[in-house]
Amino acid sequence: MNWATRYPGWAMFAAMAGLLAFLWGLAIPLAAAPEPIGPAAEQFADGARITVWLTLVAGSSGIVIGVLAGVGKLSRFWPLRRLCDAYVWLIRGTPLLLQILFVWLAAPSILPEDIVLSDFACAAIALALNVGAYNTECVRAGILAVPWGQVEAARALGLTPVQTFMDVVLPQSMRVALPALANNLASLVKDSSLAYAISVVELTMVGYRVQAESYQPIPVFVTTAVIYLILTTAFTTLTAALEAQLNTGQQR
Amino acid sequence: MNSPAPSPDTSLRPIIEARQVDKRFGSFHALKKVSAVFYEGQVTAIVGPSGSGKSTFLRTLNRLETHDSGEIVIDGIVLNDDLKNLDAIRREVGMVFQSFNLFTHLTILRNITLAPMRVRKMERAAAEQKARTLLERVGLLSQADKYPVQLSGGQQQRVAIARALAMDPKVLLFDEPTSALDPEMVNEVLAVMRELAYSGITMLVVTHEMGFAREVADRIIFFDDGVILEDTTPEVFFTQAEHERARAFLSQVRHGF
């Protein structure tokens, strides 16, 4: 991934463009493949799009949750601190599959009747809460890694606590937190496959259905795996480039 | 026989008044009812052995340390838990740290423009113009687009001084500004500070640089064990310090350098 760190701007562009082109055009090369992949090309393309969409929605919400809870864990206000601790403890101590099922089955009985969540929304919420808990620890570690002198300098210059956090602490903490956050995002691409349990037709579900119709698990699951590999590679390239971008000011 | 304290000249306006300031860190009594008045335009060197309370005293003046009791008034504003007062004071009091504390993720130029833009709501163009002028003053205009890590310690400290000046502070606090520097870089920082001292800004400098204190300061305060032991002019302090403790300290640092 050396070129990605050397030309972060280009790498980010290439990864984004590559990902979009891949999702857009995936059905074309797959359609040319022999049985049982060719006839199911559109299904694979749709599944891959759902997987990426699920990852992006849950991933970006998870970052926001992670930052909020990470800051909350360092709050001087103890009830907030306890609340964030409890959240992380709860999510990390229970299986993701259980969390997905819980949101899917419990949400209708908790929410008012006129709000109906789609299967996709349930999966996105559960995944966001899950990755958010893991992100919380990364963000907290990142914030703790920022030297106290940076805060003192900002405060001495008259910046408010909020300005100090947004302009000085958060950007510097991201440099430390980003590799771990990227790791979580790459896991999320794969974890999103658990959404198949609540009938979200994402990539794994597509693979499962196609092999169930064709009785040819090997080519079907190999194809599915290759698509996952391409997706995770795009996401890690993207985050590596972002890391390099944030790294400015660290090396001489 | 009291050494004559610098006379509160009627033409001088008090800008910092500390009365009976007390501070403990757990069982350690860092400041014991310290009182001092600092006047506009005055350059004060604060000296003393390590752990004597001189840095703590300086840091209470912009509330990087909170004092336990006593009163600090800066330019007529009482320093207390009122955040409005605190923000008003921090806008008027600049600080230069021993470890520079430049923002590592920002360029030199952005380091200087950040506070004027956020706190004083300056336009970016005006803030950058001002930053360049200040960088020229400290001799580092060519480094504007670099990051702090690319500069030497002496250069970083000069940027830190420019950053503090960008807020147009009435008072500049220096907390051992040359202690973290290699010997050959000390002079470039002292030169900038000397130029500042003659420009008429109020300066409080915690330092171990006795040569600088003697040459540039109007007033010397000697801290020992949480109290101000001597408060006098450099001439008196360096030739006929009143307390044995101060004379012992002086002979120590002279041998040390």
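See the values below:
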quantity: Highest-fluctuation residue, A:Trp53, A:Trp24, A:Trp148 considered, GNM on chain A with Cα pairs under 10 Å; calculated: A:Trp148
quantity: For a label point 7 Å along the Cα-to-beta-carbon line of A:Ala106, residues of segment A:33-60 with backbone N under 20 Å; calculated: A:58
quantity: Solvent-accessible area lost in complex, 50 Å² minimum, residues of segment B:56-100 relative to chain alone, 1.4 Å; calculated: B:Arg90
quantity: Principal semi-axes in Å for segment A:7-131 [√(5λ), Cα gyration tensor, largest first]; calculated: 35, 22, 12
quantity: Accessible surface of segment B:31-119 [probe 1.4 Å, protein heavy atoms]: carbon and sulfur percent; calculated: 47 percent
quantity: Area accessible to solvent at B:Met167, 1.4 Å probe radius, in Å²; calculated: 10 Å²
quantity: Accessible-area order (highest first, 1.4 angstrom probe) of the listed residues A:Asp119, B:Asp225, A:Asp167; calculated: B:Asp225, A:Asp119, A:Asp167
quantity: Nitroxide proxy distance, nm - points 7 Å out along Cα→Cβ at B:Ile77 and B:Ser50; calculated: 3.5 nm
quantity: Using a Förster distance of 60 Å, the FRET efficiency for B:Thr133-A:Lys190 (Cβ separation, nearest 0.05); calculated: 0.65
quantity: Distant-in-sequence amide H partners of B:Met95 (H built 1.01 Å from N, under 5 Å); calculated: B:Leu173
quantity: Solvent-accessible area, 1.4 Å probe, carbon plus sulfur percent, for chain A; calculated: 70 percent
quantity: Between B and A, accessible area buried - total, square angstrom, nearest 100, 1.4 angstrom probe; calculated: 2100 Å²
quantity: Cα-based helix-to-principal-axis angle, B:108-118 vs chain B, degrees rounded to 10; calculated: 80 degrees
quantity: Cα shape, segment B:120-211, gyration tensor, a/c 1.5 rule; calculated: oblate
quantity: Distance between modelled label sites at B:Gln252 and A:Thr233, nm, 7 Å Cα→Cβ extension; calculated: 6.6 nm
quantity: Heavy-atom surface of chain B, accessible at 1.4 Å and reported per residue (Å²); calculated: 42 Å²
quantity: Cα centroid separation, segment A:199-231 to segment B:68-96 (Å); calculated: 66 Å
quantity: Length-normalised contact order for segment B:7-135 - Cα pairs under 8 Å, 6+ apart - percent; calculated: 20 percent
quantity: Gap separating the Cα centres of segment B:219-252 and segment A:2-58, nearest whole Å; calculated: 74 Å
quantity: 0 to 90° range, to nearest 10: angle between helix A:8-25 axis and chain A longest Cα axis; calculated: 30 degrees
quantity: Per-residue SASA entry for B:Arg110, accessible area with 1.4 Å probe, Å² rounded to 10; calculated: 60 Å²
quantity: For segment B:150-238, share of DSSP beta bridges that run antiparallel, in % to the nearest 5; calculated: 50 percent
quantity: Added length on full extension, which subtracts the Cα-Cα distance from 0.36 nm per residue, A:Glu213 to A:Gln245; calculated: 6.9 nm
quantity: Share, in percent, of DSSP beta bridges within the protein assembly as shown that are antiparallel, nearest 5; calculated: 55 percent
quantity: Calculated FRET efficiency for the pair A:Trp53/A:Arg81, C-beta based, R₀ 30 Å, to 0.05; calculated: 0.30
quantity: Normalised contact order of segment A:1-158, rounded percent, pairs of Cα under 8 Å and 6 or more residues apart; calculated: 26 percent
quantity: Contact order normalised by residue count of chain B, Cα under 8 Å, 6+ apart, percent; calculated: 27 percent
quantity: B:Ser199/B:Asp68 FRET efficiency (R0 30 Å; Cβ-Cβ; nearest 0.05); calculated: 0.25
quantity: Span from the segment B:181-215 Cα centroid across to the segment A:76-131 one, whole angstrom; calculated: 58 Å
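The values are calculated or read from the model by the stated rules, or taken from the named source; none is laboratory data. Note that the structure is predicted; figures quoted are calculated from it, not measured. Neighbour counts run over all protein chains shown; Cβ positions are idealised from the backbone, glycine included. Side chains included, ligands, DNA and RNA excluded: accessible areas come from the protein's heavy atoms. Shrake-Rupley method; radii C 1.70, N 1.55, O 1.52, S 1.80 Å.
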